[in-house]
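The values are calculated or read from the model by the stated rules, or taken from the named source; none is laboratory data. These numbers were taken from a predicted model, which means no experiment stands behind them. Please note: Cβ atoms are built from the backbone with ideal geometry, for glycine as well, and neighbour counts cover all protein chains shown.
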Amino acid sequence: MLFMGLGLAVAVALPPLPAAAFVDKANAFPAVQASQPLLLDGTVSNPQWKTGVTAKDFYNYTTRQPAAPALATTAYLLYDAKYLYVAFVCDQSSAPIVAAQTTNNVGEELDDQVEINIDPSGNGSRVYTFKTTPRGVRYQESSESNRYNPPWQAAASMHQGGWSAEMAIPLKDLRSSGGSVQSWRVNLQRHVAAKDEDFTWAYNPKMGGPDDSTYWPALTGLHVSTSSTRPKPYADIFALSSSGSDRNEFQQTGGTFAPEPVRNFGADGTYPFTNTLALVGTIDPDFSNVEVDQQTIAPQQFQRELFEYRPFFSQGAPYLNPNPMYYIEGGSPNEVFYSPSIGTFNWGGKVEGTEGSDALGLLAVGGPGFDDQAFGFNHKTANQDFSYYVDGVLAHHTQDGTSVTPCPGTLLTCDDNTLEVGARKANLASGWESSFLYGDETGSYIGDASLGRNFLFDIARNMPYSGFEAGYRYIGPLYSPVDGYTQLNDMRGPYADFGGQGVGSPNSSIKRYGGYIAAERYVDANGQVHYTEMTEDLNVTFKDLVAIDFGPSISELLTSSGYPEYFQSQTLPYNSSHVSIGYAQSSAQPVSLSYSWGPFATLCSQPVSTTSPNPAFCGSLSNIYAPFYLQQFSGSIARQITSRFNVSFELAGTDERPFSGESDSQWLRRLTFGENIGRNASVSLGLRSISGTGGFSYPGVNFAASFHDQFAGGNELYIDFGSPAASATLDRLIVKYVLHIGQGGVGT
């Protein structure tokens with residue numbers, strides 16, 4: 001109850017709304033054409049800049065106050081037939097300039113930076129971000145693809161008391177519809193690393209953050225031709241060789257490694273057939289790209305959600321999952337189509353993009369033992385106050401032992417069809433919004449269609465410094481799409497959460513603070529409580545960049561054989577209180593420490609043939625949950641040694657102690673060394689050690705090394721030894737060269 005009282009105090013002891021005027025969705029600015037192309041030198045000295053749209057009066061979003069004069073920002077916007085031009089002039093007399101990074105797309109958010117956010121769709125369905133630092137290092141993002149990397153330009157310069165930057169962004173890489181007069185939504189942002197503060201041109205007390213395009217002002221009157229904004233087709237053809245005794249070992253669905261025939265050649269391609277829609281395809285896709293370390297030793301209450309890195313699935317992924325991704329507290333959202341569930345595949349094709357106010361995706365993918373299709377459609381109004389969507393998956397699997405999810409029983413072939421629909425209505429003035437979701441799964445895996453349904457109703461209110469959400473969900477006991485991700489099924493019941501935030505006074509040592517409380521309770525089809533949870537959290541960030549976060553989470557989960565027998569029912573606690581301390585988290589010198597403790601059940605499994613995670617308690621048991629007292633510790637530190645070298649170290653420990661018997665622990669140590677070789681080249685060395693069996697991962701020592709270089713024409717070279725995703729060092733050297741054909745940038 002102490003935490004609850006503190007959480008409510010945070011929510012109500014809030015500062016008054018700022019009295020100063022701010023720029024938001026109610027504002028519109030006529031776009032200005034450049035009289036001639038702008039050559040970038042980073043100084044913003046060309047007089048033509050001052051003829052463009054001028055943006056001043058940035059807000060400090062971190063402190064929710066107008067920016068101080070010593071950190072004033074002025075930005076300029078111009079455009080012509082080929083480019084959108086952006087310039088920033090940044091005063092910075094009250095904080096040192098941080099500019100250590102020298103390689104594009106490496107070390108994002110560690111330096112000072114400026115950025116422009118562009119929404120050519122006008123309703124948030126297609127958003128792009130371009131960032132640069134005081135050294136002109138570039139970063140870019142797209143809501144369509146996490147591989148977005150077009151050939152845009154940036155230049156910057158530093159001077160006494162501040163710095164400046166200029167950008168030139170090709171219109172053809174923004175998927176603008178072209179033709180008629182355009183109206184885009186835009187925002188301009190700035191990050192000051194030494195103070196860990198973010199500044200934004202668009203500001204509204206109700207906005208969820210500077211990236212919330214609902215509140216961005218409009219840039220109107222853009223005259224852009226269809227031909228100049230049409231994205232160009234491109235293809236990436238790869239040639240790959242591997243050597244070593246583990247040359248055929250590759251990561252499988254779920255994170256394990258198994259032999260796979262090496263694919264020496266393959267291709268990915270994108271063909272835009274309109275300005276905003278594209279055909280994407282792949283043949284013999286490369287599955288060697290496992291250089292993403294997703295190892296963890298933290299015991300999990302639910303199935304792990306893995307990060308998708310494969311190019312074909314990454315591009316256009318949001319169009320296949322248009323729902324708002326509701327999730328239970330402490331978990332991950334359910335997804336009708338979850339691409340990591342698709343194992344090794346041989347081919348894939350899809351259509352993805354937007355058309356007017358609509359976003360859509362159509363996918364077909366095939367491989368050993370399966371031939372599946374997925375689709376998504378989403379409609380949003382221009383001001384994003386109303387949307388509706390439909391998505392689904394048609395899965396066709398076989399019983400030949402090659403498919404990821406074999407057919408049930410004795411069926412030789414089987415189908416699993418899932419359809420989901422939903423809508424959201426919001427009143428942006430009052431902050432009230434409501435939404436619903438309905439899903440239906442039928443096919444060979446569902447004996448009774450009435451038990452394969454998913455329903456949710458949600459109501460929420462977003463206020464300037466607080467908000468709440470409440471709803472009811474039902475997930476049938478047989479609902480679990482084979483190509484999807486279902487955190488938990490067989491549950492029905494209510495949920496609610498409430499949170500608030502505030503900022504410290506000018507004379508206070510506190511910069512900002514916040515807190516929330518959440519609770520939910522679900523029963524199964526047998527009337528038993530399946531899952532119940534209550535979480536409280538408080539966080540405080542001080543002006544000296546120290547941040548503290550703490551609070552308890554109390555939950556219980558029933559495990560059994562499931563519907564309809566419910567044999568071997570167990571209701572076990574998953575309680576954990578936590579405290580974490582961080583310093584300068586958004587800088588090149590971050591430090592973080594955390595500790596959690598409490599009774600937390602663990603799944604007894606056998607990651608190696610002779611040792612269980614906790615031999616003192618689990619013994620030879622497998623797939624049985626047992627009660628433990630769990631303690632977890634983690635700490636990490638990173639340092640940018642020079643503008644060329646960086647190093648980071650992580651230490652994490654998990655100790656599982658049964659209520660009778662010996663304890664079992666597992667420790668993870670991860671050391672990473674990086675070198676920025678050039679503007680587009682970098683090398684990294686990683687050493688990871690996992691010891692003990694009392695955690696979530698396999699013990700072992702792993703060393704991995706990687707080199708990457710992108711050449712002027714877009715071609716890329718990768719040289720990788722081992723794999724950081726493996727439990728032990730793989731004797732595997734991969735050399736991969738990607739030939740980029742066409743003018744289009746990757747992910748465009």
Hey, can you tell me all the residues within the stretch 357-371 that are assigned to a strand (DSSP E or B) and surrounded by fewer than 24 Cβ atoms within 10 Å (Cβ to Cβ)? Asp358, Leu360, Leu362, Ala364, Val365, Gly366, Gly367, Phe370, Asp371
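If only one of Gly502, Gly551 is touching a helix residue (DSSP H, G or I) at 6+ places or on another chain (Cβ under 7 Å), within 26 Å of Val192 (Cβ to Cβ), in contact (Cβ under 8 Å) with a residue 24 or more places away in the chain and part of a strand (DSSP E or B), which one is it?
Values: Gly551 fails: within 26 Å of Val192 (Cβ to Cβ).
So the residue among Gly502, Gly551 that is touching a helix residue (DSSP H, G or I) at 6+ places or on another chain (Cβ under 7 Å), within 26 Å of Val192 (Cβ to Cβ), in contact (Cβ under 8 Å) with a residue 24 or more places away in the chain and part of a strand (DSSP E or B) is Gly502.
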Test for Thr62: is it surrounded by fewer than 22 Cβ atoms within 10 Å (Cβ to Cβ) and part of a loop (DSSP other than H, G, I, E, B): yes
Quickly run through the stretch 233-256 and pick out the residues that are part of a strand (DSSP E or B), hydroxyl-bearing (Ser, Thr, Tyr) and over 24 Å from Ala278 (Cβ atoms). Ser241, Ser242, Ser243
Of the residues that sit in the stretch 471-488 and are under 24 Å from the mean Cα position of the chain (by Cα) and of a type outside the set (Phe, Trp, Tyr), which one is surrounded by the most Cβ atoms within 10 Å (Cβ to Cβ)? Pro481
Answer from Phe307, Phe337 - the residue that is modelled with pLDDT of 85 or more and assigned to a loop (DSSP other than H, G, I, E, B): Phe337
In the stretch 580-604, what residues are touching a Pro at 6+ places or on another chain (Cβ under 9 Å) and among the aromatic types (Phe, Trp, Tyr)? Tyr583, Phe600
Which pairs have Cβ atoms under 6 Å, sit 6 or more apart or on different chains, and link a residue in the stretch 731-745 that is at positive phi to one that is part of a loop (DSSP other than H, G, I, E, B)? Gly742/Lys232; Gly742/Pro233
Which members of the stretch 700-727 meet the condition of being buried (at least 18 other Cβ atoms within 10 Å of the Cβ) and of a type in the set (A, V, I, L, M)? Ala704, Ala725, Ala726
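Looking at Phe721, Phe696 in this structure, which one is over 19 Å from Asn105 (Cα atoms) and either modelled with pLDDT under 85 or in contact with a helix residue (DSSP H, G or I) (Cβ under 8 Å, 6 or more places away or on another chain) (or both)? Show your work before the answer.
Values: Phe721 fails: either modelled with pLDDT under 85 or in contact with a helix residue (DSSP H, G or I) (Cβ under 8 Å, 6 or more places away or on another chain) (or both).
So the residue among Phe721, Phe696 that is over 19 Å from Asn105 (Cα atoms) and either modelled with pLDDT under 85 or in contact with a helix residue (DSSP H, G or I) (Cβ under 8 Å, 6 or more places away or on another chain) (or both) is Phe696.
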Quick one: would you say Val421 is buried (at least 16 other Cβ atoms within 10 Å of the Cβ), closer than 26 Å to Ser177 by Cβ, β-branched (Val, Ile, Thr) and modelled with pLDDT of 95 or more? no
Selection count, the stretch 689-706, where residues are assigned to a strand (DSSP E or B) and touching a residue at least 24 places away in the same chain (Cβ under 8 Å): 9
Note on Thr354: of the conditions (1) over 17 Å from the mean Cα position of the chain (by Cα); (2) in a loop (DSSP other than H, G, I, E, B), unmet is (2)
In the stretch 9-30, is there at least one residue being modelled with pLDDT of 95 or more, out of contact with any Pro (no Cβ under 7 Å at 6 or more places or on another chain), surrounded by fewer than 14 Cβ atoms within 10 Å (Cβ to Cβ) and assigned to a strand (DSSP E or B)? yes
Considering residues of the stretch 207-263 that are closer than 30 Å to Gln33 by Cα and basic (Lys, Arg) only, the residue surrounded by the fewest Cβ atoms within 10 Å (Cβ to Cβ): Lys232
Where in the stretch 394-464 are the strands (runs of 3 or more DSSP E), entirely inside, with at least 3 residues that are of a type in the set (Val, Ile, Thr)? 413-426
Quickly run through the stretch 514-539 and pick out the residues that are within 24 Å of the chain's Cα centre (by Cα) and not charged (D, E, K, R). Gly514, Gly515, Tyr516, Ile517, Ala518, Thr535, Leu538, Asn539
Here's a check for you: in the stretch 36-59, which residue that is assigned to a loop (DSSP other than H, G, I, E, B) and touching a Leu at 6+ places or on another chain (Cβ under 9 Å) is nearest to Asp198 (Cα to Cα)? Phe58
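Are any of the residues in the stretch 286-297 outside any loop (DSSP other than H, G, I, E, B) and modelled with pLDDT under 90? Working first, answer last.
So in the stretch 286-297, the residues outside any loop (DSSP other than H, G, I, E, B) come out as none.
Within the stretch 286-297, not a single residue is outside any loop (DSSP other than H, G, I, E, B) and modelled with pLDDT under 90.
Pick from Asp720, Asp655, Asp709: which is touching a residue at least 24 places away in the same chain (Cβ under 8 Å) and over 27 Å from the mean Cα position of the chain (by Cα)? Walk me through it before giving the result.
On the way: Asp720 fails: over 27 Å from the mean Cα position of the chain (by Cα); Asp709 fails: over 27 Å from the mean Cα position of the chain (by Cα).
On inspection, the qualifying residue turns out to be Asp655.
Taking the conditions exactly as written (closer than 18 Å to Arg453 by Cα, hydrophobic (A, V, I, L, M, F, W, C) and surrounded by fewer than 24 Cβ atoms within 10 Å (Cβ to Cβ)), does Val390 satisfy them or not?
On the way: closer than 18 Å to Arg453 by Cα: yes; hydrophobic (A, V, I, L, M, F, W, C): yes; surrounded by fewer than 24 Cβ atoms within 10 Å (Cβ to Cβ): yes.
Yes; evaluated as a whole, the condition is true for this residue.
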